[in-house]
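All of the numbers you see were taken from the coordinates with simple rules; none came from a lab. None of these values were measured; they are calculated from a predicted model. Reconstructed Cβ throughout: ideal geometry from the backbone, glycine too, with neighbour counts over all protein chains shown.
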Amino acid sequence: MTNLNTLASAAIIASLAAVATPAVAGTLDDILARGELRVAVQTQGPPFSFMDKSGQRSGSAIELTTLMAEEMGVKVVYLDFDWDGLLPALMSGKADMLAADMTPTLARATKVAFTKPFMYVGAVAFVKQGGDIASVEDCKKPGTTVAVLLGSTGEKLAPVVFPEAEIKSYKGGGTLLLDAVASGQANCGLNDSSAVKAQAAAYPEGTFTIFEEMLSKEPLAYAVRYDSMDLLAWSNLFIDTVSLDGRLDTNLDYWVNSDSWKADH
């Protein structure tokens, strides 16, 4: 009986100790305590994140993460990075979340945790209008140069789609790819369809030919650190909520699926 009483007493003490031990604060707790959600965004990546003509940060990701912060009851702080600086900013703890048109690849998912997709896109090729390149097949010819964004899924896709072309990687925003093609540094460019169409709108009409053929189908998602599972769960619930109540469709219809935003921004 003594042994049973001893075991019972030990179990009770262990249970009380577990109850008395304070829970470890998560990232969501930290955000609520400091009163701000810190979001890493691309410096110039319309229509998801960019500085508009009035000097205000705008875009699909900006609108959605502002809405996230409002639902949390905190303010949002944006941290601007080139494309290849987004993941390091999140992983280092500078940002709580990464909000960009990023594909959740298996390789990236070894470093950060992705939310459920908020939309799907495909990669397209584009060229300078009026040049010698008249089709995607022309971009595949030996000696052709194809511009891609450093660290993007397009950088991995390009050697598969254009195995005999020379691939040129550019560090920075997607507009660098259009600049490279427009200036003749590259014959073709490869990037997400939504980004190419939005960024091409800033150039004179007729500068580029964007081929309609989708060369891939990819999900886009936001990302958090693996020590932020509370924020990940909340973000997934947010995506579900705005999907069901129509706010996500409204955002994407305005920013991604049409040119409506260009007149306003």
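Below 8 Å, C-alpha to C-alpha, sequence gap of six or more: please give me the relative contact order for the chain in percent. Once normalised by length, the contact order is 25 percent.
Which of the three applies to region 183-265, rounded, prolate or oblate, going by the alpha-carbon gyration tensor with a ≥ b ≥ c and a/c under 1.5 meaning rounded? Judged from the Cα gyration tensor, region 183-265 comes out prolate (a/c at least 1.5, a/b above b/c).
In percent, what relative contact order does region 123-210 have, based on Cα pairs under 8 Å that are 6 or more apart in sequence?
Details: 157 pairs, mean separation 35.8, N = 88.
Computed over region 123-210, the figure is 41 percent.
Taking amide H atoms as placed 1.01 Å from N in the peptide plane, the amide H of Met119 lies under 5 Å from those of Leu220, each 5 or more residues away in sequence or on another chain. Inter-label distance, Val77 to Leu32: 2.0 nm, where each label sits 7 Å from its Cα along the C-beta direction. In this rough spin-label picture, where each label sits 7 Å from Cα along the Cβ direction, the Ala109-Lys217 distance is 1.7 nm. For the charge dipole of region 130-223, defined by +1 on Lys and Arg C-beta atoms and -1 on Asp and Glu C-beta atoms about the Cα centroid, which residue among Gly189, Tyr170, Ala158 has the Cα displaced farthest towards the positive pole? After comparing all options, I get Tyr170.
What is the ratio of the Cα radius of gyration of region 92-134 to 2.2 N^0.38 Å, where N is its residue count, to two decimals?
Details: Rg = 16.3 Å, N = 43, 2.2 N^0.38 = 9.2 Å.
Output field value: 1.78.
Using a Gaussian network model of the chain in which every pair of alpha carbons under 10 angstrom is joined by a spring, one finds that among Ala99, Ala233, Ala40 the greatest mean-square fluctuation is at Ala233.
Net charge dipole, region 85-179: roughly 360 debye, given to the nearest 20, about the Cα centre with Cβ charges of +1 for Lys and Arg and -1 for Asp and Glu. Within the same chain, aspartates and glutamates fewer than 8 places from Lys262 are excluded, and of the rest, those with a Cα less than 20 Å from its Cα are Asp52, Glu63, Asp101, Asp179, Asp192, Glu205, Asp249, Asp253. Close amide H pairs (under 5 Å, H built 1.01 Å from N) link Ala125 with Phe211, residues at least 5 positions away or on another chain. Only lysines eight or more places from Lys171 in sequence, or on another chain, were considered; those with a Cα closer than 18 Å are Lys156. Each 10 Å bin from 0 upward holds the following percent of the Cα-Cα pairs of region 123-210: 20, 59, 21, 0.
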